[in-house]
Amino acid sequence: MIVGTAQAADLLGISTARVRLLLKQGRIQGAYKIGRFWVIPLFDGMPVISKGHRGPKARWQRKRHPLTFIHANQHAIHQNKK
């Protein structure tokens with residue numbers, strides 16, 4: 001069976017705008033365009049949507065530990081003790 005975006009949105013319980021976004025991203029399997037209308041096939045009565053990904057983590061979540069080296073002249077420290 002084949003449905004349009006409005007029927008697919010009703011079946012999935014999401015808005016038609018979200019269905020159009022999924023179609024634009026190519027995440028609804030087997031969907032294609034005829035003219036200006038999307039044709040969405042149903043598998044077991046529902047459209048099949050592939051999983052998305054969230055992308056890279058934000059920079060503020062990355063913890064960078066700067067390497068701190070303290071170089072001291074041991075001979076100068078020992079001379080100061082005398």
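Which residue out of G30, G13 is exposed (fewer than 10 other Cβ atoms within 10 Å of the Cβ) and on the phi > 0 side of the Ramachandran plot?
From the options G30, G13, the qualifying one is G13.
Among the residues of region 41-63, how many are part of a loop (DSSP other than H, G, I, E, B) and either under 23 Å from the mean Cα position of the chain (by Cα) or among the β-branched types (V, I, T) (or both)?
Here the count works out to 13.
Report whether or not G45 is exposed (fewer than 10 other Cβ atoms within 10 Å of the Cβ), in contact with a helix residue (DSSP H, G or I) (Cβ under 9 Å, 6 or more places away or on another chain), modelled with pLDDT of 75 or more and within 16 Å of I2 (Cα to Cα).
Answer is yes for this residue.
Considering only region 7-25, how many residues are without any contact (Cβ under 8 Å) to a residue 12 or more places away in the chain and either part of a loop (DSSP other than H, G, I, E, B) or aliphatic (A, V, I, L, M) (or both)?
The number of residues fulfilling the criteria is 6.
The values are calculated or read from the model by the stated rules, or taken from the named source; none is laboratory data. In this text, all values refer to a predicted model and were calculated from it rather than measured experimentally. Please note: Cβ atoms are built from the backbone with ideal geometry, for glycine as well, and neighbour counts cover all protein chains shown.
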